[in-house]
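Contents: one structure, followed by commentary.
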Amino acid sequence: GAANTLDDYEEGTWTAGYEGATVSASNTIGYYTKIGRQVFFQFYSSSITISSASGSFRITGLPFSSSSATEAYALFLYQHGNAVDGNSRGGIVGKGDTALIFLDDGSTGQSTAINGSTKYVMVSGHYFV
């Protein structure tokens, strides 16, 4: 019935950008599905080359700004990757932001990128807008 209809559904692509390093990438396209306030996303970089890594490594370009509500942090999973230090297995979507922030494993410390070629990033997650 009417109570079970979706009032906001959208599918599309988003373009990944990078902060905290210079990245040469052949693929920058990620995918998302938005259902109501919930956004599901995924991205696979293919092989990238990283140079000039310094500071927090972030992937930018998520299709919608995340909620900025108190303690509204969302998590993402980082798998099949060798581009980030600190044994990172994921991180958070910044509050009121459109970026993925990688965190060191077992810590809230932000990860940095690892310079080199044939690096990979595969991420998947969800967040509220």
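With respect to the conditions (1) surrounded by 12 or more Cβ atoms within 10 Å (Cβ to Cβ); (2) more than 18 Å from Ser45 (Cα to Cα), Ile101 lacks only one, and its number is (2). For segment 67-89, indicate whether the set of residues that are closer than 20 Å to Ala53 by Cβ, touching a residue at least 40 places away in the same chain (Cβ under 8 Å) and among the hydroxyl-bearing types (Ser, Thr, Tyr) is non-empty. Yes, segment 67-89 contains a residue that is closer than 20 Å to Ala53 by Cβ, touching a residue at least 40 places away in the same chain (Cβ under 8 Å) and among the hydroxyl-bearing types (Ser, Thr, Tyr). Every listed requirement among (1) buried (at least 16 other Cβ atoms within 10 Å of the Cβ); (2) touching an Asp or Glu at 6+ places or on another chain (Cβ under 6 Å); (3) not in a strand (DSSP E or B) is met by Lys34 save one, (3). Considering segment 57-83 alone, what residues qualify as being in a loop (DSSP other than H, G, I, E, B), at pLDDT 95 or above and either within 22 Å of Ser26 (Cα to Cα) or under 13 Å from the mean Cα position of the chain (by Cα) (or both)? The answer is Phe57, Gly61, Leu62, Pro63, Phe64, Ser65, Ser66, Asn82, Ala83. For Ser88, the conditions (1) closer than 14 Å to Met122 by Cα; (2) open to solvent by 80 Å² or more (accessible area, probe 1.4 Å); (3) of a type in the set (Ser, Thr, Tyr) are fulfilled apart from (2).
The values are calculated or read from the model by the stated rules, or taken from the named source; none is laboratory data. As the structure is a computational prediction, the values presented were derived from the model and not from experiment. Cβ: placed from backbone, ideal geometry, glycine included. Neighbour counts: every protein chain shown. Note: accessible area is taken over every heavy atom of the protein model, side chains too, but ligands, DNA and RNA are not part of it. Shrake-Rupley method; radii C 1.70, N 1.55, O 1.52, S 1.80 Å.
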